[in-house]
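For reference, the structure discussed in these notes is given below.
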Ligand code: NDP
Ligand code: OXD
């Protein structure tokens, strides 16, 4: 009898098991470390799976992430390369991410950082009113999440540009692509939002060189992965005033270690990897459909391209 193995250091299994029981009572789901016979596991499901001890599953047909990002799977050297990897493309995940990005952009644009500082001094500042049409937003990544947030920002009246790997033509969004157009894209981004996947090509992309290309006083918002940022370079850019403020949701190490300078930096807002979280109720039907597909010998939906790494 085939079975699904759920393993995650991020999500508790209870709600997932409940949803599986509701949506697909015929599918057996085991929870790590209660693997049983490894030969019975045909689908591995999880996010931030424990790496030790590595176990071989000789009949594995699918590795399915319970989130949008799959760097934690692709970066595991023990991953069996012949098994397809699928990720979630899910409306609630997308909606939550766009809400997060809009909240951060509007906080900067509508000068809440300055108002919060003024309130600490009981001050009554007269600030120059913000001009939406003059505040250019730069979206690193125009995939499922980046594009949704970009369109919603555009609908609010911001000029929006996006940067992707391949060329794109999108209504109302100025499109840049590839390393050759990165400098031109950054030069026009007053608020930079990163929604790239973490791959060998994008690791460390927010660094001293790229930050220096942003206009003076730019803001940085990173809800993608901590590995996109060279922390020391960002801190230096904040300290010298080139970057006005940063909002960071993801970190090299999570939870962010208590002694990390981001926690106490006056120009950094830390959120605890909370930009967008998978809701089992809306995610499980898609995962069940993929389990049924691979068990019927079909390719899974939302399959990751192993060559691109996303
Ligand atoms: P997608 O795969 O749909 O989109 C990725 C985008 O990045 C595409 O536009 C792609 O370009 C672009 N890209 C990839 N590599 C490069 C490169 N080398 N140079 C330029 N552009 C590149 O991903 P999603 O939008 O679904 O998700 C993005 C990331 O968000 C996830 O990988 C995850 O890390 C993060 N995330 C964070 C969450 C949180 O709570 N903090 C929640 C969910 C996701 P092209 O279009 O040309 O392929
Ligand atoms: C994801 C995440 O990748 O929550 O879905 O970070």
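At a glance:
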quantity: Residue satisfying all of: in the range 14-28; buried (at least 18 other Cβ atoms within 10 Å of the Cβ) and touching a strand residue (DSSP E or B) at 6+ places or on another chain (Cβ under 8 Å); nearest to residue 291 (Cα to Cα) among these; calculated: 27
quantity: Any hit, the range 46-56, residues being in a loop (DSSP other than H, G, I, E, B), at pLDDT below 95, crowded, with 19+ Cβ neighbours inside 10 Å and within 14 Å of ligand 2 (Cβ to nearest atom); calculated: yes
quantity: Number of positions in the range 59-90 that are modelled with pLDDT under 95, within 16 Å of ligand 1 (Cβ to nearest atom) and surrounded by fewer than 19 Cβ atoms within 10 Å (Cβ to Cβ); calculated: 2
quantity: Single residue of the range 257-279 satisfying the filter (within 16 Å of ligand 2 (Cβ to nearest atom) and surrounded by fewer than 20 Cβ atoms within 10 Å (Cβ to Cβ)) that is farthest from residue 22 (Cα to Cα); calculated: 270
quantity: Residue identified as within 16 Å of ligand 2 (Cβ to nearest atom), touching a strand residue (DSSP E or B) at 6+ places or on another chain (Cβ under 7 Å) and without any contact (Cβ under 8 Å) to a residue 40 or more places away in the chain among 86, 65; calculated: 65
quantity: Top-ranked residue of the range 174-201 - restricted to ones that are assigned to a loop (DSSP other than H, G, I, E, B) and without any contact (Cβ under 8 Å) to a residue 60 or more places away in the chain, ranked as nearest to residue 267 (Cα to Cα); calculated: 190
quantity: Test: residue in the range 206-215 that is under 15 Å from the mean Cα position of the chain (by Cα) and at pLDDT 95 or above; calculated: yes
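The values are calculated or read from the model by the stated rules, or taken from the named source; none is laboratory data. Everything numeric here is computed off the predicted structure, so don't read it as measured data. When we count neighbours, we look across all protein chains shown, and the Cβ atoms used for this are built from the backbone with ideal geometry, even at glycine.
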